[in-house]
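> Sharing a structure with you now.
The values are calculated or read from the model by the stated rules, or taken from the named source; none is laboratory data. None of the values given here were measured: they were computed from a predicted structure. Every residue, glycine among them, receives a Cβ derived from its backbone with ideal geometry; neighbour counts consider all protein chains shown. Side chains are part of the model used for accessible areas, which takes the heavy atoms of the whole protein and leaves out ligands, DNA and RNA. Shrake-Rupley method; radii C 1.70, N 1.55, O 1.52, S 1.80 Å.
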Amino acid sequence: MDIIDDKEYSAIYYNETKFHGLSDLSYGHDALLVLFHLLFEKYPLLGKIISDKYDYIFIDEYQDTQKEVLCDILTLSQTYGVAIGLFGDNMQSIYDEGIDDLDIFINDGTLESILKQDNFRCSYEVLGVINSLRLDSLKQNVALKKLDSGIYEKEKDRHAFVKVMYSLVDSKPSAFSCSEEKRKYQSVINEALFEAKKVC
């Protein structure tokens, strides 16, 4: 395309949004994963450079990483012995194109699953709700935190009031949906927030 050929490659920049700009050759954060994969695929030396610099790579919220990028990262482990740690929860995915679960890599022995059953942040009541909603085998338990004073918090300090509120919509609008669909969706969210604030 002429618009790309006319640009100096060094002028391409990250625009800190979710959108790409063809006119100024800027890219949004959703493109970072795509660019990583394309570079990794085109320049095999990139894997060696990364492995020379890092012995360990940790990915937080792995479920929102694209499968191609995850495969690239796992190649570093298999080829160069880089230790890879993935942290996240496949039931908390926020992107449709994320990897979701790691079953394929766990089943073939590429990864080992370590379930974290202790939860140092939630109350007994919150975990009761969460555990009843989970579709996998993970059931978390309250773990009492060690306070700065050196003593552990009491069980009575980890009880809370829980009320589950939800709204149903036919479908979530995309960036290309019409204004009316977006307005209706936003209205449902605002109404749910309004009701939730009345409880607090």
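> From the residues LEU74, ILE59, SER187, which one has its Cα farthest along the dipole of the chain in the positive direction, the dipole being from +1 and -1 charges on Cβ of Lys/Arg and Asp/Glu about the Cα centre?
SER187
> Which trypsin sites (Lys or Arg not before Pro) from region 1-104 combine a DSSP loop assignment with at most 10 other Cβ atoms within 10 Å? Numbers along the way, then the final one.
Numbers: sites: LYS7, LYS18, LYS42, LYS48, LYS53, LYS67; in loops: LYS7, LYS18.
Sparse-neighbourhood loop trypsin sites (Lys or Arg not before Pro): LYS18.
> While we're here: Might you tell me the accessible area per residue for the chain, computed with a 1.4 Å probe and given in Å²?
On the way: 15150 Å² over 200 residues.
Counting only protein heavy atoms, the per-residue value for the chain is 76 Å².
> How far, in degrees from 0 to 90, does helix 124-133 lean away from the longest principal axis of the Cα atoms of the chain, to the nearest 10?
It is inclined by approximately 60 degrees.
> Moving on. Here are labelled values, (i) 16.6, 55; (ii) 22.2, 67; (iii) 16.3, 52, and one is the computed Rg and Dmax of the Cα atoms in Å for what I pasted. Which one?
This structure yields the entry labelled (ii).
> Ignoring everything except DSSP H segments at least 4 long, calculate the 222 nm mean residue ellipticity for the chain; use -39,500 (n - 2.57) per segment, divide by total residues, nearest 500. Walk me through the numbers before you get to the answer.
On the way: 7 runs with 76 residues, N = 200.
After summing the helix terms and dividing by residue count, I get -11500 deg cm²/dmol.
> For region 90-165, which GluC sites (Glu not before Pro) are in a loop by DSSP, counting at most 11 other Cβ atoms within 10 Å? Numbers along the way, then the final one.
On the way: sites: GLU97, GLU112, GLU125, GLU153, GLU155; in loops: GLU97, GLU112, GLU153.
Within region 90-165, the qualifying GluC sites (Glu not before Pro) (loop, at most 11 other Cβ atoms within 10 Å) are GLU112.
> Count the DSSP beta bridges whose two residues both fall in the chain, then state the antiparallel fraction as a percent rounded to the nearest 5.
Details: 2 of 11 bridges.
Roughly 20 percent of the DSSP beta bridges within the chain come out antiparallel.
> Now for a separate question. List the pairs from LYS139/LYS197; LYS7/LYS42; LYS116/LYS154; LYS18/LYS53; LYS18/LYS172; LYS53/LYS116 whose alpha-carbon separation is above 24 Å, in the order I gave them.
Listed pairs above 24 Å: LYS139/LYS197; LYS18/LYS53; LYS53/LYS116.
> With the full set of protein chains in place, find how many percent of the accessible area of the chain is carbon and sulfur; take the probe as 1.4 Å. Show your work: numbers first, answer last.
Values: 8360 of 15150 Å².
Carbon-and-sulfur percentage of accessible area, whole number: 55.
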